[in-house]
Amino acid sequence: MSKAKSFLSEFREFAVKGNMIDLAVGVIIGAAFGKIIDSLVKDVVMPIISFILGGEVDFSNKFWVLSEPAGYAGGRTYAELTEAGAVVLGWGNFLTILINFLLLALVVFFMVKAVNKARATVIKEEEAAPEEPAPTPDDVVLLREIRDLLKK
């Protein structure tokens, strides 16, 4: 029973530590942030690229069919072909995911850079601030007073 109790208390200490909770918050925020980047690419970047290239460019539906199932007479979209079992090289979907990754990496880079700059500023302020001497303990003050009285 003692081992189980110590295990549970050890586990509780581990689970409630700040690092574990910070990690959980980071994962949750990261997942939400990934959705924001996906939307940025899909709803902002890709329409701009489509406009620049002059037309309806939907990279998620750009692919090369390497082989179709025998006698296939269905649709010609990426989803329909892959569902039918065709071998499809989906380079457009890969390109969209690559752009998502690059944008996410760029944003994370700027965030880390800003955090490092803030840390450097805090460290400089701490180094610049003069350290106040520690107050003299009461027993030392008392001994000094006794010494001074004895000198008289």
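Every residue in region 51-78 that is of a type outside the set (Phe, Trp, Tyr) and not in a loop (DSSP other than H, G, I, E, B), please. Selection gives ILE52, LEU53, SER60, ASN61, VAL65, LEU66, SER67.
With respect to (1) surrounded by 10 or more Cβ atoms within 10 Å (Cβ to Cβ); (2) free of Cβ contacts under 8 Å to residues at least 60 places away in the same chain; (3) out of contact with any Pro (no Cβ under 9 Å at 6 or more places or on another chain), the lone exception for ALA86 is condition (3). For region 15-38, taking the residues that are modelled with pLDDT of 85 or more and of a type in the set (Gly, Ala, Ser), the one that is nearest to the chain's Cα centre (by Cα) is identified as ALA31. Set side by side, the residues GLU132, GLU127 differ, and just one is out of contact with any strand residue (DSSP E or B) (no Cβ under 8 Å at 6 or more places or on another chain), more than 30 Å from GLY30 (Cβ to Cβ), modelled with pLDDT under 85 and assigned to a helix (DSSP H, G or I), which is GLU127.
The condition (being loosely packed, with under 11 Cβ neighbours inside 10 Å and closer than 20 Å to LEU104 by Cα) is satisfied by just one residue among VAL41, VAL25, VAL16: VAL25. With respect to the conditions (1) surrounded by 10 or more Cβ atoms within 10 Å (Cβ to Cβ); (2) part of a helix (DSSP H, G or I), ASP139 falls short on a single one, namely (1).
Inspection of region 28-50 identifies at least one residue that is touching a residue at least 12 places away in the same chain (Cβ under 8 Å), part of a helix (DSSP H, G or I) and among the acidic types (Asp, Glu). Mind checking whether some residue in region 63-74 is more than 22 Å from GLY30 (Cα to Cα), under 34 Å from the mean Cα position of the chain (by Cα) and surrounded by 11 or more Cβ atoms within 10 Å (Cβ to Cβ)? Within region 63-74 (the criterion being more than 22 Å from GLY30 (Cα to Cα), under 34 Å from the mean Cα position of the chain (by Cα) and surrounded by 11 or more Cβ atoms within 10 Å (Cβ to Cβ)), the answer is yes, since at least one residue qualifies.
Can you tell me which of ILE99, ILE49, ILE123 is surrounded by 11 or more Cβ atoms within 10 Å (Cβ to Cβ) and under 26 Å from the mean Cα position of the chain (by Cα)? Every option except ILE99 fails the conditions. Assess whether TYR78 counts as being surrounded by 10 or more Cβ atoms within 10 Å (Cβ to Cβ), more than 29 Å from LYS35 (Cα to Cα), in contact (Cβ under 8 Å) with a residue 12 or more places away in the chain and among the hydroxyl-bearing types (Ser, Thr, Tyr). Considered against the rule, which asks whether it is surrounded by 10 or more Cβ atoms within 10 Å (Cβ to Cβ), more than 29 Å from LYS35 (Cα to Cα), in contact (Cβ under 8 Å) with a residue 12 or more places away in the chain and among the hydroxyl-bearing types (Ser, Thr, Tyr), TYR78 comes out as no.
The values are calculated or read from the model by the stated rules, or taken from the named source; none is laboratory data. Everything numeric in this text was worked out from a predicted model, so none of it was measured. Counting neighbours? That spans all protein chains shown, and the Cβs are built from the backbone with ideal geometry, glycine included.
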